Amino acid sequence: MGLDKNGVKLLLHAKQLDVKFDRVATIGRQMLYIREKEMKHMLIQAGLNEAGREESFKLNSYAEAFLRKLGAERTDSLDASAYEEASIIHDMNHPLTKELFSKYSVVIDGGSLEHVFNFPTAIKNCMDLLEKDGYYIGITPANNFLGHGFYQFSPELYYRIFSEVNGFKVRKMYLYADHKTASFYEVLDPLALKQRVTMANSSPSYLFILAQKTEDKEVFKALPQQSDYEHIVWNQAALDHISHKQKASNSKVAKLKRLLIDLYHRHIRPMGNSNPQFIRKIDLDLSVTKT
């Protein structure tokens, strides 16, 4: 549970997108896995090094000082135990009490929910914590974290959770490999594309989710369904087309072509065999222009 260099960069990016960090709730007490010199350099880049507001950002310290730089006037943390002195002791496997509903402008999961068995309840808790127009920020395992927690997550899951029917909208979703010099890729919605957004690669990779609460609605009144199962109408013509494609893909030429493409994707493109039409590289420039 913590923010490394990429996590810090993404939260600074969220600040540049006008996310209001006034009242923050973190799922688990977040730590900083970034050296103080790097942190201060990134704050200067982002224009957040105000005179008279010097903070300490020691490696492996807690993240409240950084969140204050983002504008947090209050930061609460939720955890199942008190060993890290969380301000609210609550097991996210269980529903929150209603007095905590709509209290926060931002909820941050920096790597906790994959460890919570009852994920639907845990993510609903995060949504219930938010006031209208507030933001959920998630940094969560996507690929190649087998054994790290209970789960690894797909873009489809978060697009269906943070949907209009639940009173939310995904503002940004990025995918990136777990490297200090990571490149970031925007991930499009499978529902809008009318096909699955998939990826196999060889590096541990994360999803970054920025979703806004646009309306006060009952969360999960209708349970999410994977978009292609919900919207594709299967008929004989479609099945015949799929059967024809499968037969063509079994030829020796097709197999060799797939092997060469797989080698290219695994060793040249960090996002593996992802379709570049669905996962687009972006420039996450934190620098601000002085006027």
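The values are calculated or read from the model by the stated rules, or taken from the named source; none is laboratory data. Remember, predicted model here, so these are calculated numbers, not experimental data. Please note: Cβ atoms are built from the backbone with ideal geometry, for glycine as well, and neighbour counts cover all protein chains shown.
Exactly one residue out of 27, 34 is farther than 27 Å from residue 214 by Cα, crowded, with 17+ Cβ neighbours inside 10 Å, β-branched (Val, Ile, Thr) and in contact with a helix residue (DSSP H, G or I) (Cβ under 7 Å, 6 or more places away or on another chain): that is 34.
Counting only helices (runs of 4 or more DSSP H) that fall entirely inside the stretch 115-225 and contain at least 3 residues that are at pLDDT 95 or above, the qualifying elements are 119-129, 155-161. State whether the residues of the stretch 26-49 include one that is closer than 22 Å to residue 131 by Cβ and among the small types (Gly, Ala, Ser). Yes, that holds for at least one residue.
Matching residues to (1) over 22 Å from residue 28 (Cβ atoms); (2) surrounded by fewer than 19 Cβ atoms within 10 Å (Cβ to Cβ); (3) without any contact (Cβ under 8 Å) to a residue 12 or more places away in the chain; (4) under 10 Å from the mean Cα position of the chain (by Cα):
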residue: 139; (1), (2), (3), (4): no, no, no, yes
residue: 151; (1), (2), (3), (4): no, yes, no, no
residue: 160; (1), (2), (3), (4): yes, no, no, no
residue: 164; (1), (2), (3), (4): yes, yes, no, no
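Total residues in the stretch 171-207 satisfying the condition of being under 15 Å from residue 224 (Cα atoms) and either buried (at least 19 other Cβ atoms within 10 Å of the Cβ) or of a type in the set (Val, Ile, Thr) (or both): the figure is 1. Checking the stated criteria, residue 104 turns out to be closer than 25 Å to residue 207 by Cα, among the hydroxyl-bearing types (Ser, Thr, Tyr) and in contact (Cβ under 8 Å) with a residue 60 or more places away in the chain. Being in contact (Cβ under 8 Å) with a residue 60 or more places away in the chain and among the basic types (Lys, Arg) is a condition met by no residue of the stretch 77-100. If I filter the stretch 64-83 for residues that are in the same structural domain as residue 14 (by TED's automatic domain parsing) and touching a Pro at 6+ places or on another chain (Cβ under 9 Å), do I get at least one hit? No, the stretch 64-83 has no match at all. Which number in (1) in a loop (DSSP other than H, G, I, E, B); (2) at pLDDT 95 or above marks the one condition that residue 26 misses? Status for residue 26: all satisfied but (1). Within the option set 56, 87, 77, being hydroxyl-bearing (Ser, Thr, Tyr), surrounded by fewer than 16 Cβ atoms within 10 Å (Cβ to Cβ) and out of contact with any Leu (no Cβ under 9 Å at 6 or more places or on another chain) holds for one residue only, 56. Scan the stretch 208-223 for residues that are within 21 Å of residue 151 (Cα to Cα) and exposed (fewer than 12 other Cβ atoms within 10 Å of the Cβ) and jot them down. Within the stretch 208-223, just 223 meets the criteria. Within the stretch 173-196, the set of residues being charged (D, E, K, R) and touching a strand residue (DSSP E or B) at 6+ places or on another chain (Cβ under 6 Å) comprises just one member, 186. Based on this model, can you work out whether residue 76 counts as among the charged types (D, E, K, R) and assigned to a strand (DSSP E or B)? The answer is yes for residue 76.
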